[in-house]
1. Report, by residue number, each residue of segment 122-148 that is over 11 Å from N55 (Cβ atoms) and surrounded by fewer than 21 Cβ atoms within 10 Å (Cβ to Cβ).
2. If I ask for residues that are surrounded by 13 or more Cβ atoms within 10 Å (Cβ to Cβ) and small (G, A, S), which ones from segment 3-19 would you list?
3. Filter segment 44-68 for residues that are free of Cβ contacts under 8 Å to residues at least 24 places away in the same chain and in contact with a helix residue (DSSP H, G or I) (Cβ under 8 Å, 6 or more places away or on another chain) and give the result.
4. Checking P203 against (1) part of a strand (DSSP E or B); (2) at pLDDT below 95, only one condition comes out false. Which one?
5. In this structure, is R97 in a helix (DSSP H, G or I) and over 29 Å from T130 (Cβ atoms)?
6. Taking helices (runs of 4 or more DSSP H) that do not extend beyond segment 1-93, which have at least 2 residues that are over 25 Å from K110 (Cα atoms) and under 19 Å from the mean Cα position of the chain (by Cα)?
7. Looking only at segment 100-141, count every residue that is of a type in the set (S, T, Y), touching a helix residue (DSSP H, G or I) at 6+ places or on another chain (Cβ under 7 Å) and assigned to a helix (DSSP H, G or I) and tell me the total.
Amino acid sequence: MSFQDLSLAEQLTLARRGTAFFAQRLAELTDAQLSEPTALEGWSRRHLVAHVGYNAAALCRLTDWAASGVESPMYASAEQRGQEIAEGATLSAAALRNLFTHTVARLDEKWRNLPASAWSAQVRTAQGRTVPASETAWMRTREVWIHAVDLGNGGRFGDFPGVVTDSLLADIVGMWQKKGLGAGLVLEVDGCAPIAVQEHSAPTTKVSGPLAAVVRWAAGRGAVGVNVEGDAQEPPRWL
C-alpha cells in the first residue's frame, strides 16, 4: 500500500506523527547543539529547523490558495526561500524553536479548517508541479520524517512507518524517471524484485539491502547498510 492509497485522515495522521518525531528529536537538542553542522552541505541544525518551520508556512500558503482560489505561491522565488532560511538560522534558539512550534500549529489549523471541496483544488509546488491541495499531506510527511534524521541525533529511516518508507522509494524513483536520471541503476530491496530505474538502459550499478537502508541511500543520506556494486557510488539528485 502506498501513501496515496490511504484516506486523507490517515495521510494527515502520518504527517502529524512525523511532525511529532521531528519535535522529539529537536527537544532533545540543547540550544548550543543547534549551531552544530548537519550532513546537509552548508547547513547547521539552525538552518534545518528554520527550513522545516518555513516549509510549514509555505504549505499554509498553498492551503490558502486552495480555499480562496487566489494564487498564493509557496515562495516568491528560490532566492527568497534561501534568504528566509539564512535569516531564520540567525534567530535566538528560543525564537527558532517558537518558529517551528508556531508554524506547525498554523498548518494543522489550516488542514483542519480546509473545506472538503478545496482538497481537490489545484495548486503549484515550489518545483512547478501542479497538484491537488491534498498533496500537501505527502509533501509535509516527506519533509518532517527525513529531516528528523538529518538532525543527526538518533532518528533513523528504520523508525519510519512502512507505508512512508515504501512511498518514499516510489517517489524518489518516479522523480528520477521523470528527469531521465539513474540510467543503469538497479535497486534491490531484500525480498523484493529488483527495480531498474530506467528500464531500457543496461545495468551498471546495483544497490541492495534492507528497504530503509536503500531508501536512505536513494535520498542521498549515505550508504549505511547497503551494498553498492558498480559505477555510481552516489545517487542522482532527487529534489
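1. Q122, R124, T125, Q127, G128, R129, T130, V131, P132, S134, E135
2. Across segment 3-19, the qualifying residues are A15, G18.
3. The answer is none; no residue qualifies.
4. (1)
5. yes
6. The helices (runs of 4 or more DSSP H) meeting that bar are 45-68.
7. Of the residues in that region, 3 qualify.
Quick grid of which residues meet (1) closer than 16 Å to T141 by Cα; (2) at pLDDT below 95; (3) surrounded by 11 or more Cβ atoms within 10 Å (Cβ to Cβ):
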site: D64; (1), (2), (3): no, no, yes
site: A78; (1), (2), (3): no, yes, no
site: L96; (1), (2), (3): no, no, yes
site: L107; (1), (2), (3): yes, no, yes
site: N113; (1), (2), (3): no, no, no
site: A116; (1), (2), (3): no, no, no
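The values are calculated or read from the model by the stated rules, or taken from the named source; none is laboratory data. From a predicted model like this one, the values you see are computed outputs, not experimental measurements. We place every Cβ from the backbone using ideal geometry, glycine too, and count neighbours over all the protein chains shown.
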